[in-house]
Amino acid sequence: MIEWAGLPYLSLRVAGWFYENLPLLHGADIRGDGVIRNSFDGDVQVPWLASEDAGKIAASSVSTTRAIFSKKSSVSRSRQ
């Protein structure tokens, strides 16, 4: 809908495990069985990320995108 309206936007998706969640969500499994259980299929490698780093990436992306969009005088899109 945002694209249809011709509005500029930025969509961020952080796909990974947050270090801060490790003790809370997986602590019992790690202590008891030495494993991390999750809903990922098979032997998938998922990156680890600190939530602070995700926040820095988002802030940088938003400010960069804002600078790019502000250089455009208008955004137009033909509607069908």
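The values are calculated or read from the model by the stated rules, or taken from the named source; none is laboratory data. This is a predicted model, so every value here is computed, not measured. Virtual Cβ from ideal backbone geometry, glycine too; neighbours counted across all protein chains shown.
For region 6-21, give me each residue that is in a loop (DSSP other than H, G, I, E, B) and under 15 Å from the mean Cα position of the chain (by Cα). Hits for region 6-21 are Tyr9, Leu10, Ser11, Leu12, Arg13, Val14, Ala15, Gly16.
Restricting region 6-47 to residues that are of a type in the set (A, V, I, L, M, F, W, C) and loosely packed, with under 11 Cβ neighbours inside 10 Å, the residue that is nearest to Ser61 (Cα to Cα) is Leu12. Restricting region 22-80 to residues that are aromatic (Phe, Trp, Tyr) and outside any loop (DSSP other than H, G, I, E, B) leaves a set whose member that is modelled with the highest pLDDT is Trp48. Taking every residue in region 54-75 that is under 30 Å from Glu20 (Cα atoms) and pairing it with any residue that is surrounded by 12 or more Cβ atoms within 10 Å (Cβ to Cβ) and modelled with pLDDT under 85, at least 6 positions away or on another chain, the pairs with Cβ-Cβ distances below 7 Å are Ala54/Val14; Ser61/Leu10; Val62/Leu10; Thr65/Leu10. Number of residues in region 1-55 that are in contact with an Asp or Glu (Cβ under 8 Å, 6 or more places away or on another chain) and within 27 Å of Thr65 (Cα to Cα) equals 3.
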